[in-house]
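Chemist: First, the structure itself, so that you have it in front of you.
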Amino acid sequence: DGNGFSKIQEKHCKNRQDLRKFDVQVQTKRCQFLTCFLEKIRSDPLFFNHDEVRLETLLWGGDEMLFVVPAWKGLELLNYFYQVSHNWEFKDEKLTHAGGLVFCRAKTPIRRIRKFAEELANRVKDSKNGREENLFDYMALESIDYPSEPLDKLRKKIFADALQQNYMPLQPLNDDRLDALAWLKKNVPKSQAYNLVRAIIQGDKQEEKIKRLKVVITEAKYNQALDKLEQAFPLQTFEWQWIHLIELWDYIVPTAPQI
């Protein structure tokens, strides 16, 4: 969802010609993004079901876009859009977007998931600098058959209030950040990272889990893991860096889990 596009129009478009120029420029860039992405995935078998492309467009209008792709391709689509659009501007005014990404079971009612994605994008807009930067929020619901609660209520059910207070949207995962996450997946046992995250969420003593993690991967590699987490999730707290790693673990590398 575009950030403040209407305000940019009001500020810089004083006649019909300017309005048309703005609309043509935005629509042209969006079409170029989608054309390039479709060309990019032509040789990717994980994006196809026989001869059908596993990408559906649910919304394409104004400054909003909504897509459905396989869960293990969600980050790829999101990151590619932010990569292509990072330098979009109109009359020296930066054009940024708030993104919402939902991972869920294929049979989850699409209307509910669509609302979740919209709520996530709106949550980004309400955050600090959420309307000035390219940021996104996400929710992993693969273990929930039907998320009946509103987004905020569901998050409070999963995460403690103390964690909620420190929550911030994420910056787009560029190639360097994805490389850092790939390193973490390769060098940090998921079970140990999961135990640490569970202790964080439940408010248990983290020190014991950290100590055990240092024994398993060595203290030097643990310190390197902290550097990689900072690289992947800058400005996030220590606790949320580990939570994001576990929440996004199955979607960092393009594999095909059964969801």
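Chemist: Which angle between 0 and 90 degrees, to the nearest 10, do you get for helix 190-202 versus the longest principal axis of the chain when only C-alpha atoms count?
Modeler: That works out to roughly 80 degrees.
Chemist: Oh, and also: With the contact rule set at Cα under 8 Å and sequence spacing of 6 or more, what percent relative contact order holds for the chain?
Modeler: 18 percent
Chemist: If I take every Cα pair under 8 Å that is 6 or more residues apart in segment 171-259, average their sequence separation and divide by the length, what percent do I get for the relative contact order?
Modeler: Relative contact order here is 42 percent.
Chemist: Okay, moving on. Probe radius 1.4 Å, ligands and nucleic acids ignored: give me the carbon and sulfur share of the accessible area of segment 52-192 as a rounded percent.
Modeler: 46 percent
Chemist: Can you give me the accessible area per residue for segment 68-108, using a 1.4 Å probe, in Å²?
Modeler: That works out to 42 Å² for each residue.
Chemist: What number comes out for the charge environment of Arg114, summing +1 per Lys or Arg and -1 per Asp or Glu over other residues with Cβ under 14 Å away?
Modeler: Neighbour charge sum, excluding Arg114 itself: -2.
Chemist: Hey, could you get me the Stokes-Einstein D for segment 151-245, Kirkwood radius over alpha-carbon pairs, 37 °C and 0.692 mPa s, rounded to whole µm² s⁻¹?
Modeler: 236 µm²/s
Chemist: Right, something else. Give me the dipole magnitude in Debye, nearest 20, for segment 1-107 about the Cα centre, with unit charges on the beta carbon: positive for Lys and Arg, negative for Asp and Glu.
Modeler: 180 debye
Chemist: Taking the Cα centre of each part, how many Å lie between segment 34-62 and segment 175-251?
Modeler: Taking the Cα centre of segment 175-251 as reference, the centre of segment 34-62 is 32 Å away.
Chemist: Largest first, how would Asp44, Asp161, Asp51 line up by accessible area (1.4 Å probe)?
Modeler: Greatest to least solvent exposure: Asp51, Asp161, Asp44.
Chemist: Can you put Lys186, Lys91 in order of accessible area, largest first, using a 1.4 Å probe?
Modeler: The ranking, largest first, comes out as Lys186, Lys91.
Chemist: So for segment 89-192, taking the charge dipole from beta-carbon charges (+1 Lys/Arg, -1 Asp/Glu), which of Leu95, Pro172, Phe116 sits furthest toward the positive end?
Modeler: Going by the charge dipole, the pick is Phe116.
The values are calculated or read from the model by the stated rules, or taken from the named source; none is laboratory data. Computed from a predicted model, the values in this text were never measured in an experiment. A quick note on method: Cβ atoms are made from the backbone with ideal geometry, for glycine too, and the neighbour counts reach across all protein chains shown. Heavy atoms of the whole protein, side chains included, go into the accessibility calculation; ligands, DNA and RNA do not. Shrake-Rupley method; radii C 1.70, N 1.55, O 1.52, S 1.80 Å.
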